Amino acid sequence: MIPGDTSHVDGRTLDPEDWDDFECRSHALLSDLLTYLKQVRSRPAWVPVPDHIKARFREPAPWERVPLSELIDRLRSDILPYATGNIHPRFFGWVHGTGTAEGVLAEMVAATINSNVGGREHVAPYVERQVLDWFKNLFQFPPTAGGILVSGTSMANILGLAVARDAILGASVSREGLSELGQQPIVYSTEEHHVSIRKACQLLGLGSRAVRRLPVDELRRMSPDALVRAIDEDRRMGRIPLAVVGTVGTTNTGSIDPIQRLADIARSESLWLHVDGALGGALVLSDTLRPLLAGVERADSIGFDFHKWMHVPYDAGCVLFRDAELQRRSFAARDPYLESTPRGIAAGDVWFCDYGPELSRSFRALKIWTTLKAHGLKRLGQLVERNCSQARLLARLLERTGRFSLAAPVVLNILVFRPLVRPGSRSTVEEATRELAFRLQESGVGVLTSTTLDGTIALRAAITNHRTNAEDVSLIVAELERQLTSIERGD
Ligand SMILES: *Cc1c(COP(=O)(O)O)cnc(C)c1O
C-alpha cells in the first residue's frame, strides 16, 4: 500500500450513487423548468427577493453534503421565483435578452461534456470558428479577420482597445508599458458611450482620462466635425490620438454614430476604429435595418452581444478583428506545458488562448450555434424589426394618453419619456418619474427603468424581447397611466 493512499477507504466519486434516482429527479426538474418557461406570462415580471430568502444565502459553507432532493427543492423554492424577470414579455429594463428554450438544451449539452475551449483538438473550437465565420461574413469582414467569443461587449470593448493600443502605439508598449510613451494616448467617443469604454481604458493602463467624450448632435450621435477638431487639438498639445469608438445603438436612446464618416476620419488620421455594437450589432440580421450599419465593415474591430438582441442565454458576446494577426500578436504567449503538437489532442491550428486573455473558456459557441440554427437568422432579424415597431407603438400609445412626452427620438427599440405632471399635482416630474418606475416594477405588471437625459431623469423602455406582443405594450401604457393618476393624487 502506498503511504497516505486512502482510496481503499473511500472509492466514491462525485457521480450520483443512484443514477436511476438521479435520472428520475433530473427529468422532473427539467419538466418543471419547461413549465416555468411556458407559463412565464402568468407570473409577475419581477418579485423582490424577500428577507427570509436573502437570509438563506448567508449560511456557513457546506462542509457536509446536502441530499439531492433537498437541493432540488431549494432550487425550486429559493431560485426560480426570484429571477431578474428578463424572460417575461413585459420586461423592458436596460437591454436584457430573453433567452430561448433551445438555449436551455444547449447549456445542458455543454455542461455535460464540460469542454475547455482554450485550445486543443476537439469539436468545440470548430463550432466557435463556425460562429465567428458567420459573423465575419455578415459584417463583411475579410477572410483574414479573426475574433473570439467573450462574456459580453464590456469584455469585447476591452479586447478591441487592447489590440488597438498595441497596434497603434507599437509592440514596445506591450513589453515596456505605457510609461515608455511619456504622452497621453486618447480614445474618442461621445457622452452617450457605454461605461465599459471608460473601464476598458482604466484597465488597459491608458487611464479613464484617456477617453474624450465628445458632445452629441440633436440625434445624440457623434459629430464628425467635433471629432476632427478634437484630434487636431490633441496633436497640437502633444497627446497621441489612438482610437475612435463609434456606437451603433447607444444604451440610453439607441442612437447610431455616423460610422461611415468615422471610418473616413480614422483612416486619414491613422487611428483605430472600434465599433460598440452591443445592441445594434443585431441589426445585421435584418434586411431592412442592416443599412443602418453602413461603414461598420470598415472598422478595425467590433464588439457585439448574442445575449442581448439575439436571445442566446447569458453570457455570450463577441469581438471581431479585421486583422487576425494583430489580435494574435496582442495575446499569444505560451509556456512549455501549453505547447501544441502536430498530432493528437494537443494539435488544432487555432487555440483561442492565443487570441484573448483567458486560458480556460466555456463552450459558449454551442448555445449560440444552437439558437441561431433553431430559429434561423431571418426569424431573429424579424424579431429585431418587431421590437422596433413595438417601441414606436409604445410611443404612439403614450402620446395618445396626453400624459407623457417623448424625451428623445425613437431610433430603434428604445424609448425615453417623461410624465406630464398636471398642475396641482402632489409630485414634481422628478418624483413622479422615479415613483412610476418603482410602482410599475413592484406591481409585477412590467419592468421599465429610469435614466438621465440632458440632466433630467426620464423613464426608459428597451424592448429586446421576443415574447412581447402588442397587448403587452398597451398593458404597460394602461398601468403607467393608472399609476400616474394615483401618484398625482398623492396616493
Ligand atoms: C450592454 C452594452 C454594453 C456592455 O455589454 P455587456 O454584454 O453587458 O458586457 C456595451 N455597450 C453598449 C452600447 C451596451 O448596450
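The values are calculated or read from the model by the stated rules, or taken from the named source; none is laboratory data. What you are looking at is a predicted structure, and each value in this text was computed from that prediction instead of being measured. FYI the Cβ positions are ideal-geometry reconstructions off the backbone, even for glycines, and counts take in every protein chain you see. Quick note on the areas: whole protein, heavy atoms, side chains included, nothing else; ligands and nucleic acids left out. Shrake-Rupley method; radii C 1.70, N 1.55, O 1.52, S 1.80 Å.
Output the number of residues of region 77-118 satisfying the condition of being assigned to a helix (DSSP H, G or I) and not charged (D, E, K, R). Summing the residues that are assigned to a helix (DSSP H, G or I) and not charged (D, E, K, R) in region 77-118 gives 16.
Across region 311-325, the number of residues qualifying as under 17 Å from residue 154 (Cα atoms), buried (at least 24 other Cβ atoms within 10 Å of the Cβ) and either within 16 Å of the ligand (Cβ to nearest atom) or under 10 Å from the mean Cα position of the chain (by Cα) (or both) comes to 6.
Taken together, the residues in region 168-203 that are more than 16 Å from the ligand (Cβ to nearest atom), surrounded by 14 or more Cβ atoms within 10 Å (Cβ to Cβ) and not in a strand (DSSP E or B) amount to 7.
Within region 289-298, can one find any residue that is open to solvent by 70 Å² or more (accessible area, probe 1.4 Å), more than 17 Å from residue 387 (Cα to Cα) and away from the ligand (no atom under 16 Å from the Cβ)? Checked region 289-298: at least one residue is open to solvent by 70 Å² or more (accessible area, probe 1.4 Å), more than 17 Å from residue 387 (Cα to Cα) and away from the ligand (no atom under 16 Å from the Cβ).
Looking at 422, 434, 426, 439, can you tell me which residue is under 24 Å from residue 489 (Cβ atoms), in contact with a helix residue (DSSP H, G or I) (Cβ under 9 Å, 6 or more places away or on another chain) and not in a loop (DSSP other than H, G, I, E, B)? Sole residue among the options that is under 24 Å from residue 489 (Cβ atoms), in contact with a helix residue (DSSP H, G or I) (Cβ under 9 Å, 6 or more places away or on another chain) and not in a loop (DSSP other than H, G, I, E, B): 439. Among the residues of region 225-250, the one identified as part of a loop (DSSP other than H, G, I, E, B) and hydrophobic (A, V, I, L, M, F, W, C) is 237. Just the residues that are out of contact with any Lys or Arg (no Cβ under 6 Å at 6 or more places or on another chain) and either free of Cβ contacts under 8 Å to residues at least 60 places away in the same chain or open to solvent by less than 60 Å² (accessible area, probe 1.4 Å) (or both), please, taken from region 88-97. Hits for region 88-97 are 88, 90, 91, 92, 93, 96. For region 442-452, the set of residues classified as among the hydroxyl-bearing types (Ser, Thr, Tyr) and in a helix (DSSP H, G or I) consists of 443 only.
Determine the pairs where a residue that is without any contact (Cβ under 8 Å) to a residue 12 or more places away in the chain, located within region 325-347, has a partner that is assigned to a loop (DSSP other than H, G, I, E, B) and exposed (fewer than 10 other Cβ atoms within 10 Å of the Cβ) with Cβ atoms under 7 Å apart, the partner being 6 or more residues away or on another chain. Taking only residues 6 or more apart or on different chains, not a single pair turns up. For the residues 417, 404, 438, the requirement of being of a type in the set (A, V, I, L, M, F, W, C) and within 28 Å of residue 100 (Cα to Cα) singles out 438.
Within region 30-66, if we keep just the residues that are over 16 Å from residue 82 (Cα atoms) and among the small types (Gly, Ala, Ser), the residue that is surrounded by the fewest Cβ atoms within 10 Å (Cβ to Cβ) turns out to be 61. Of all the residues in region 260-288, those that are farther than 22 Å from residue 166 by Cα and open to solvent by 10 Å² or more (accessible area, probe 1.4 Å) number 6.
Taken together, the residues in region 257-288 that are within 16 Å of the ligand (Cβ to nearest atom), more than 17 Å from the chain's Cα centre (by Cα) and of a type in the set (A, V, I, L, M, F, W, C) amount to 3.
Among the residues of region 405-413, not a single one is assigned to a helix (DSSP H, G or I), surrounded by 14 or more Cβ atoms within 10 Å (Cβ to Cβ) and touching a helix residue (DSSP H, G or I) at 6+ places or on another chain (Cβ under 7 Å).
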